[in-house]
Amino acid sequence: MKRLLLTSAGFENPVIRDSFLRLLGKSPEKAKALFIPTAAVNDGARVMLPKCRNDLLSAGILPEHIEAFDLDRPMDAQEISGYDTVYFCGGDTAHLLSRVRGSGFAEVLDRALERGLLYVGVSAGSIICARNLPGHLDYLPHRLEVHCEKGSPPGPLGEETVRLTNAQAICIEGGRSELIE
């Protein structure tokens, strides 16, 4: 059963952090996180990396249980099975999607999500799941806009394009998708 939490700006809203903890399904002190900074190729995105890492720390994930992985080598199913969540940071969406596909990580990720790995996306990390770019991961059957001043209404998703403010997220659990704020 796939579980995803797609955000514009991470856990800025405590409701999003609480949803993360619920979806995680275990004590955060025991959870292990795979932290993907690959999209942060420009200065504006790189400056946000500590904030993204702090999302995991503020949720109770121990620093020694957060491993950065820049999609710079293959990762197999056995290695990814050692993690409870994967957190994709924001930045350059096309670059991130190219690296996810080019490294073979997309296939490993898809199987891991089926086995219960929790996916967290921030900005570009969320957009690669939606139908914005060719070759997208296809976890969200909508186009996605992030960092919007006015977001889509909370509740079940119904629009072709979903708009997220920095205080909103899309929670996907099994076959159900819902916008939370």
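The values are calculated or read from the model by the stated rules, or taken from the named source; none is laboratory data. Just so we're clear, the structure is a prediction, and the values are computed from it rather than from any experiment. Every residue, glycine among them, receives a Cβ derived from its backbone with ideal geometry; neighbour counts consider all protein chains shown. Ligands, DNA and RNA are stripped out before the accessible areas are found, and what is left, the full protein with its side chains, is counted by its heavy atoms. Shrake-Rupley method; radii C 1.70, N 1.55, O 1.52, S 1.80 Å.
What the table shows:
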quantity	calculated
Residue ID - nearest to residue 20 (Cα to Cα), chosen from residues in segment 34-43 that are β-branched (Val, Ile, Thr) and surrounded by 20 or more Cβ atoms within 10 Å (Cβ to Cβ)	36
Residues of segment 100-136 that turn out to be in contact with a strand residue (DSSP E or B) (Cβ under 9 Å, 6 or more places away or on another chain), touching a residue at least 24 places away in the same chain (Cβ under 8 Å) and either farther than 15 Å from residue 80 by Cβ or not in a helix (DSSP H, G or I) (or both), as a count	16
Test: residue in segment 107-130 that is of a type in the set (Lys, Arg), surrounded by 17 or more Cβ atoms within 10 Å (Cβ to Cβ) and either over 18 Å from residue 180 (Cβ atoms) or at pLDDT 95 or above (or both)	no
Per-region count, segment 65-89, residues of a type outside the set (S, T, N, Q) and touching a Lys or Arg at 6+ places or on another chain (Cβ under 9 Å)	14
Residues within segment 54-98 that are open to solvent by less than 10 Å² (accessible area, probe 1.4 Å), at positive phi and in contact (Cβ under 8 Å) with a residue 40 or more places away in the chain, tallied	0
Residues of segment 74-99 that turn out to be of a type in the set (A, V, I, L, M, F, W, C), part of a helix (DSSP H, G or I) and under 13 Å from the mean Cα position of the chain (by Cα), as a count	2
Identity of the residue in segment 17-29, without any contact (Cβ under 8 Å) to a residue 40 or more places away in the chain and part of a helix (DSSP H, G or I), that ends up nearest to residue 172 (Cα to Cα)	22
Checklist (1) open to solvent by less than 10 Å² (accessible area, probe 1.4 Å); (2) more than 16 Å from the chain's Cα centre (by Cα) applied to residue 46, failing item	(1)
Qualifying residue in segment 156-165 (condition: of a type in the set (Ser, Thr, Tyr), in contact (Cβ under 8 Å) with a residue 12 or more places away in the chain and either farther than 22 Å from residue 11 by Cβ or part of a helix (DSSP H, G or I) (or both))	yes
Residue under evaluation residue 165, criteria (1) closer than 21 Å to residue 31 by Cβ; (2) of a type in the set (Val, Ile, Thr); (3) in contact with a Cys (Cβ under 6 Å, 6 or more places away or on another chain), criterion not met	(1)
Close pairs from segment 170-181: first more than 9 Å from residue 157 (Cβ to Cβ) and open to solvent by 60 Å² or more (accessible area, probe 1.4 Å), partner at pLDDT below 95 and not in a strand (DSSP E or B), Cβ under 7 Å, at least 6 apart	181/154
Looking only at segment 134-166, and only at residues there that are in contact with a helix residue (DSSP H, G or I) (Cβ under 7 Å, 6 or more places away or on another chain) and farther than 22 Å from residue 111 by Cβ, the one that is least open to solvent (accessible area, probe 1.4 Å)	144
